[in-house]
1. Using Cα springs under 10 Å in a Gaussian network model of chain B, which residue among B:G222, B:G60, B:G43 shows the largest mean-square fluctuation?
2. Decide, for region A:2-219, between rounded, prolate and oblate: order the square roots of the alpha carbon gyration tensor eigenvalues as a ≥ b ≥ c, take rounded if a/c falls under 1.5, and otherwise choose prolate if a/b is larger than b/c, else oblate.
3. Taking 7 Å along the Cα-to-C-beta vector as the label spot, tell me the B:L108-D:N313 distance in nanometres, rounded to one decimal.
4. What nm distance separates the two modelled labels at C:Q228 and D:V35, each placed 7 Å from Cα along Cα→Cβ?
5. With a 1.4 Å probe and every protein chain left in place, work out the accessible area per residue of region C:54-199 in Å², rounded to a whole number.
6. In terms of Cα to Cα distance under 24 Å, which lysines are near enough to D:K152, apart from those fewer than 8 places away along the same chain?
7. Net charge around A:G245, counting only other residues with Cβ within less than 14 Å of its Cβ (Lys, Arg = +1; Asp, Glu = -1)?
8. Could you please tell me the mean projected area of the C-alpha convex hull for the protein assembly as shown, averaged over all directions and given in square nanometres to one decimal?
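The values are calculated or read from the model by the stated rules, or taken from the named source; none is laboratory data. Computed from a predicted structure; not experimentally measured. Cβ sites come from the backbone with ideal geometry, for glycine too, and all protein chains shown count toward neighbours. Please note that ligands, DNA and RNA were not included when accessible areas were found on the heavy atoms of the full protein model with its side chains. Shrake-Rupley method; radii C 1.70, N 1.55, O 1.52, S 1.80 Å.
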Amino acid sequence: MIDVLIGAMVWSNLLVLLALGLTMTYITTGVPNFAQASFAIVGSYIALTLLRLIGLNPYLSIPVTFILGGILGLSTYYIALKPLIKRKASIEMLMIATLAWDLILFGIIGAYSEVLSAITKKTETLFVFTSLDFNIYGIPGRLIVSSLLVLLTILGLYLLLYKTKFGIALRASMENPSLAEAMGINVENTRLFSWFLSGALACMAGSVLPYLQEIVPQTGYFIVVSIFAASIVGGLYHIVGALVGGYIIGISESLFTYILSILLGPGVLVYSKVISLLMMIATVLLHPRGITGTEMWRRVERWLNL
Amino acid sequence: MVELITLILFFFALYVIVSLSLNLEFGYGGIPNFGKALSVLTGALVVGGILNRLLIWYFGIEGDFISASSLAAYRMTEIVSQNPLIGLGIFLFCVTMAVVAGAIAGALSILPSAKLKGDYLGVTLLAISEVVYLILFYNTEIVGGYYGVSVPDILAFVPGEYRVYAYTVLALICALLVYLFLEKLLNSPYGRILRGHRENEDLIKAFGRDVMKLRIKTMALGSAIAAIAGVVFVFYSSSVVVNAFNRVEWTFYPFLIVLLGGKGNNKGVVLGAFIFVLLKMLIDFYKFDIKYLLHLPFEAVWLQYIVFGILALLILCYKPEGILKEEPIYTPPIKSRLKTNP
Amino acid sequence: MIKVEKLNSGYGKLQILFDIDLEVPRGEITTIVGPNGSGKSTFLKSLFGLTDIFSGRITYQGKDITYIPPHEKTKMGISYLPQTNNVFTNLTVRENLRIAGYILNGEELEERINFALEVFPELRGILDRKAGSLSGGQRQMLAMATALVRKTKILMLDEPTAQLSPKLAQVIFDKIVELRDNYDITPLLVEQNAKRALEISDVGYMFVSGRVAYGGSAESLLNHEKFQSYFLGVVGIEEC
Amino acid sequence: MWKKVLGVGVLILALLMAGCINTGTGQGGTTSEKVIKVGALLDFSGPLSTHGIDTKNNLELAKEDIERYFKEHNMPYRVEILPEDTRLDPNLALQKVQLLRGRGVNLFIGPLSSSEVKTVLPYTLSNKIIVISPSSTALPALIGATSPEQKKYLYRFVASDDLQGEAIASLVADLGIEDVVILYRDDAWGKGLSQETKKNLPNYGVNVRDYIAYPSNPSPADWSPYITKLEEDVKEAINSKGKDKVGVIYIGFEEGATLFSQIPEDSILLNVKWIGSDGIVKSDKLLELKEKTSKVGMYSTIFESEGPQEYINRYRERFGGTPTSYGIISYDALWVLTMAYVETLESEGKYDADVMTEKIKEVIQKYNNGEYGVKPLSGKIVLNEYNDRASGDYAIYMVTEDGWVKAGIWRYETKKVEWLK
């Protein structure tokens, strides 16, 4: 049981990092980004490259993946979305554009994995890092590192958003871009920032993900469902939503499915993604703005004085 | 080359059916149905799940569903090869059932999301479709899941090497009928109200129309049409395998086609489908040559994804209103005015 | 201070304003009135750069600013307060004031905030409250205070007294006069509350169907027959 | 508007023509040599991508050997392999077959999964193309073949699940295990093999305590629910039988490495024997975790097809790693395909599927006898009436501190395990 919990926590932590980016870019640009999961896979491959070529432990490659991921996020915005936004494209067009971008990333990842295989003389389309993981008093490194990453991200975001001028401007632009523009804030900057952060966080999660599961170029196609579920259940209009949703989805995918399997038999275990999808549907139908959009949440917020 | 052209025409016909149905829902009705794959899957489900069970029962075959399906399909194929009418009869029977099942599935899937709009509605429909897909994929009892089940070859009376052509013709006929039907339908009062609904829901409400009823009707109609494509595809490939009905091919590609061809313009969508399938197949077909030409250090398959993605982006970027713009609806009074007042 | 020549603008393909010629003199209150849908609010947005401008020219202190983006205009001393959503509800009053001076450096910002609070002493007690929890009058004052923080030279207000009680509306109007008299700010108003607004104004314009129907001194507009036929009855009833 | 349509049409036509000319010059240039085009329907991006890439690698080596043979015998042929990524999607697999057929390809290696094979099967029959799958193992009825006639153009050079299922059951009994838990990959391959195994186990006096599926598409990120479930089952079994008589059968692919990496050091699961299948045998990924896997043995059956050591070395030098059994089978498949094709051309002057099926029979004989200078890497090839691998011995490999070691052989004739020293 404790192992189920540990696994669920690691997965939740990573989901939080991935969902944060999705939520932020949704707030600033208004696009649900279908390429979000592929960002993570790019991160995994960057970490793999550093491991194979210079023997760097994937945990240590996080700063590199963070920065490269940021660049990836920015290029997504510049190449795939900005030209369309300029032409006043509809939201469906933007969604399809992120899909096309996802396909391009998929092709690049695949091609790259082959190039890397030729260098390392190993098949590099499928890999895990789990055997490289460390262990402190029975707690696997992936849990420690992923939790630290989430903590650092939250702390960093909190300080940035609440204690700096740029952060206040960011919150202002998220709430009301046209007014922010009127205040002399260049709203475009906040979009750039959110795309940078979105890519950076996702790629960072990508360096930890192979400690948890095997990575193939197609992995993104499968995990994107969970990321969307996390963001939506938490609430797409609130950054904190990603945090709440990430843990709810991450934990229910493993833990809830596990409890169901005790009650209904092991056959249920294969349907874990169905559970997160159903939770997402229920959220959208009952309360489209997600958990952070509820009155109860507003009270919690007031109490926390955020 | 003939094979390539046949393949292009076949998938062109399939995508015309699916994209036109999406155009009805999304282009005219403003419902972003990101769960399009579900309706195509419904068509397949009818053939694999219902027709097969009927056949198994009719032939009195014992054993597990998947193996029994193989046997039933085989026996039926034998019969059809002697008796063309039975084959066509089965086809019409399945299309009818698929239309009914598709309509029900479409109506049901929009029901819970009555109050949603825009991207939220789209994502919900996507999630519903994905849930059904996953359940059908993992549960091998319903339509064989990842194993898939065989279905009879309804054109078994056509000699083997011509059968692909025959299916292509069948698909093209279906596409043509769907097109004609939709053209007629959308130039009726229903079509005008649908466009009105897309532009301004409140206006429709003000005219005393029930928006929800309109949505349900539209989704039912759209899904019923798309289910036909599922039936054609399943008979063509002689099997129902659930992973063939994933969201990329049956939801995202049709969206790309509708956006490429022009929202709310059926002619444009047909043209869009043609260009899309042509480009996709040509990239697929010539990728090896491109690879040799450019001396790429990786397999051509990756090139295909990258090139296709880039083309899709370019299309979106340079064709924001589609190849053909939405045409005004010519009601008789307008037509007569146009005549007198050119 | 601002001069508009032959302005045609709107949203996308939809044209709303036609051939607008208008001038805002420095140190005077200019008010634009007009029936609903006459394009008054769109005009302010066009000045600020939030609409699509098809043709025409806008100059500010002799400089062409027709196609300058809004955040640049802010730096030049042009402020625009929309009718609703003119403060950030998720931010506190203090944060709102700070964000208003986004373009200023630290010391200057503190100075300007203090200055704004001098003009609006009502805000001192509620600095740490979220703007979303303020009353309508407080919100409007906060919105105007944010404009003061930005070293505004010309302040465009879109119906600042809408949804306020007559008493509160008077407070706001008084503040507007105070801004002109004591702080060298040029207010440009769009008002439904036409009569009261014109009473404190120096210059008045009337828009009808996206065109300028009349322009001149506020007083002359008040007595103009077109204005009386359009408005006075309505305003009169409101005031009863 | 119609001008636009016309314009687009003309443009497309021009594109098509340009493409035609392009292929025309690209391939028709060397007329003295005949190009044997073989399509390879593999998975490069999905869960079977290691097998896909491995198969491609083996095909490359086979192509070299075959072309060397052609040169030595002054035969004017060349082999061209056209690899495609089907992503295990049956729809794509069928599309790719048709596309490649448009390029004049009549010979195919693949597809890898049984569901793809099922979709491709009717097409092979109606369009007379020859397909050899190196890895589809589902029983013929499950892939839609109810009579040998339906499968006459579709070969599978790997034995179907019934054979390996029996080998595994026999192995489990021979290890002295009386109580097992089966953990299997929920797809056509995993379910097929695990069901055959499950069916055979009672005949050998082994009780199946639990039968657990895990998703394949994608495989789980987090294995802890499965680990916990397994631990509970194994604990119960040990309490009633003792730990030497309890085992876990794992029917899956390399995701097993992820599973093992998530099993805690002190887990009860590491105290019992594990039995694998050809899905993991010689997996480098599992070997990376040998401190755990060697504790449980991971006794894995594989169709006796190790290939001579020099081939393995050659593979390692070229691509790194070790060839998988499916990869080795595809090496043989390419030899048989090309040689039978050449013989068909020599006797008929053109491709003819029905002649070729006859030639394949002859070629297999010759290939088995080493008449082409090489012998089948996957052992003697014998096909049954369904054109599937008929019989064969299964080698048993286990993980030790020194890596994967061959521990025994399951003989088809005696249906018994012979342990090596």
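1. Looking only at B:G222, B:G60, B:G43, the biggest GNM fluctuation is shown by B:G60.
2. oblate
3. Output for this residue pair reads 6.3 nm.
4. 9.3 nm
5. 40 Å²
6. D:K37, D:K96, D:K118, D:K128, D:K350, D:K359, D:K361, D:K366, D:K380
7. Residues near A:G245 contribute 0 overall.
8. 54.9 nm²
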